[in-house]
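Taking it in order: structure first as structure tokens, then the write-up.
The values are calculated or read from the model by the stated rules, or taken from the named source; none is laboratory data. Fair warning: this is a prediction, and the values are worked out from it, not measured in the lab. In this analysis, Cβ positions are derived from the backbone assuming ideal geometry, glycine residues included, and neighbour counts consider all displayed protein chains. The protein model used for the area step is the full one, side chains on, heavy atoms only, and it has no ligands, DNA or RNA in it. Shrake-Rupley method; radii C 1.70, N 1.55, O 1.52, S 1.80 Å.
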Amino acid sequence: MERVPVLKIGDILLVSIQIDMEDQVALQLQEDLADRIVATGCHGVIIDISALDIVDSFVGRTLATIASISRVLDAETVVVGMRPAVAITLVELGLSLPGIRTALNVELGMELLARHRAEEFTDLDELGDEDEADTPAAAAS
Amino acid sequence: MSEPGQRLEVASDQDVVRVRQLVRTVAVAVKLSLVDQTKLVTAASELARNTLVYGGGGWAEVETVDNGRRKGIRIVFADEGPGIADLDLALTDGYTTGGGLGLGLSGARRLVDEFDIVTEAGQGTTITITKWCR
Ligand SMILES: Nc1ncnc2c1ncn2[C@@H]1O[C@H](COP(=O)(O)OP(=O)(O)O)[C@@H](O)[C@H]1O
Ligand SMILES: [Mg+2]
């Protein structure tokens, strides 16, 4: 079975789906990403689907599940590069991908993640001192 | 007026990928627009997966059709599985017995021009879809 590679770039995990995935490959990616988020402590995931010529309900659900799992693991997911024909088809299929952040390309996805992270820290600062307990480093020491 | 169809077995995840690829190739050959290609391949992916997962496997046959005015593609998905007892329910958005999103049947129907389904409890399921060039 083929496997979709997960690359670590700075503090972001980048997944570029270049193959027509069998369902099992999509499920494997879901697991691999969860493992890598935990192993690396990355707070952002970018999934580039610009090479995909379709997204059906199975892949759509997998993307939504990845976004949910990431969030539970304190990482934000952005899906980037969706082709216009894929977007049109997804909406007609009835899949609006609620809860998934999207951006037009990898660069904009990275900006979105950076902004999201900055906003999170602002929110935490407003809460006072609690933010220290939230970082893995503080929890580990 | 149609060329002989190409039949693929649907017995594994890999076969579902093969169905998508064959449909894509034929859709390009009859010059469906890019959006219509995408819609047809997506519908085919949904129905092939249903054939595999719920029908217990079967086959898909892809052929080009020509009604004298327009060209198109017709795809038949057939299995000898349990059939669908309540078709209206199965065609409802969000209805699933397999923990899916329940958008495969209903969504596929929206994505094509013609959608025909023959099924009965215990008698298997045969779905025929057609997409015409605009
Ligand atoms: N070929 C089939 N044979 C038997 N039942 C089927 C078949 N295709 C679909 N169904 C039934 O219709 C339901 C809805 O299918 P679908 O809309 O594709 O949603 P999902 O695949 O997410 O369950 C399925 O959960 C299943 O119960
Ligand atoms: Mg389905």
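Would you confirm whether any residue within the range B:41-49 is among the charged types (D, E, K, R) and more than 9 Å from chain A (Cβ to nearest Cβ)? Reasoning before the result, please.
The initial filter retains those residues of the range B:41-49 that are among the charged types (D, E, K, R), namely B:46, B:49.
Going one step further and asking which of them are more than 9 Å from chain A (Cβ to nearest Cβ), we end up with none.
There is no residue in the range B:41-49 that is among the charged types (D, E, K, R) and more than 9 Å from chain A (Cβ to nearest Cβ).
Rundown of residues vs (1) within 18 Å of B:G5 (Cα to Cα); (2) among the hydrophobic types (A, V, I, L, M, F, W, C); (3) touching a helix residue (DSSP H, G or I) at 6+ places or on another chain (Cβ under 8 Å), yes/no style:
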{"site": "B:A29", "(1), (2), (3)": "yes, yes, no"}
{"site": "B:K39", "(1), (2), (3)": "no, no, yes"}
{"site": "B:G57", "(1), (2), (3)": "no, no, yes"}
{"site": "B:A78", "(1), (2), (3)": "yes, yes, yes"}
{"site": "B:A85", "(1), (2), (3)": "no, yes, no"}
{"site": "B:A108", "(1), (2), (3)": "no, yes, yes"}
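Of the residues in the range B:12-56, how many are touching a residue at least 12 places away in the same chain (Cβ under 8 Å), more than 14 Å from ligand 2 (Cβ to nearest atom) and among the hydrophobic types (A, V, I, L, M, F, W, C)?
Residues flagged as touching a residue at least 12 places away in the same chain (Cβ under 8 Å), more than 14 Å from ligand 2 (Cβ to nearest atom) and among the hydrophobic types (A, V, I, L, M, F, W, C) within the range B:12-56 amount to 9.
List the pairs whose first member sits in the range B:98-109 and is within 14 Å of B:A48 (Cα to Cα) and in contact (Cβ under 8 Å) with a residue 60 or more places away in the chain, whose second member is near ligand 2 (Cβ under 8 Å from one of its atoms) and of a type in the set (G, A, S), and whose Cβ atoms are under 6 Å apart, counting only residues at least 6 apart or on separate chains?
Close Cβ pairs satisfying both conditions: none exist.
Could you please let me know if B:L105 is within 11 Å of chain A (Cβ to nearest Cβ) and open to solvent by less than 40 Å² (accessible area, probe 1.4 Å)?
Yes, satisfied.
Report those helices (runs of 4 or more DSSP H) wholly inside the range A:46-139 carrying at least 3 residues which are modelled with pLDDT under 95, among the hydrophobic types (A, V, I, L, M, F, W, C) and away from ligand 1 (no atom under 16 Å from the Cβ).
Values: elements: A:57-72, A:84-93, A:106-127, A:131-134.
Helices (runs of 4 or more DSSP H) meeting the threshold: A:106-127.
Looking at the range B:1-80, what strands (runs of 3 or more DSSP E) fall wholly within it and have at least 2 residues that are away from ligand 1 (no atom under 14 Å from the Cβ) and buried (at least 17 other Cβ atoms within 10 Å of the Cβ)? Full working, then the answer.
On the way: elements: B:6-10, B:58-66, B:71-79.
Per the criteria, B:58-66, B:71-79.
Out of all the residues in the range B:108-128, which are within 14 Å of chain A (Cβ to nearest Cβ) and of a type in the set (A, V, I, L, M, F, W, C)?
If we filter the range B:108-128 for residues that are within 14 Å of chain A (Cβ to nearest Cβ), which is where we start, we get B:108-113, B:115.
Hits for the range B:108-128 are B:A108, B:L111, B:V112, B:F115.
Six or more apart or on different chains, Cβ atoms under 6 Å: show the pairs whose first residue is in the range A:13-37 and among the hydroxyl-bearing types (S, T, Y) and whose second is modelled with pLDDT of 95 or more and crowded, with 17+ Cβ neighbours inside 10 Å.
Listed pairs, sorted by first residue: A:S16/A:D48.
Tell me which residues, restricted to the range B:83-98, are surrounded by fewer than 20 Cβ atoms within 10 Å (Cβ to Cβ) and within 7 Å of ligand 1 (Cβ to nearest atom). Spell out how you get there, then give the answer.
Here is the first cut: in the range B:83-98, the residues surrounded by fewer than 20 Cβ atoms within 10 Å (Cβ to Cβ) are B:83, B:85-89, B:91-98.
B:G83, B:Y95, B:T96, B:T97, B:G98, listed by residue number.
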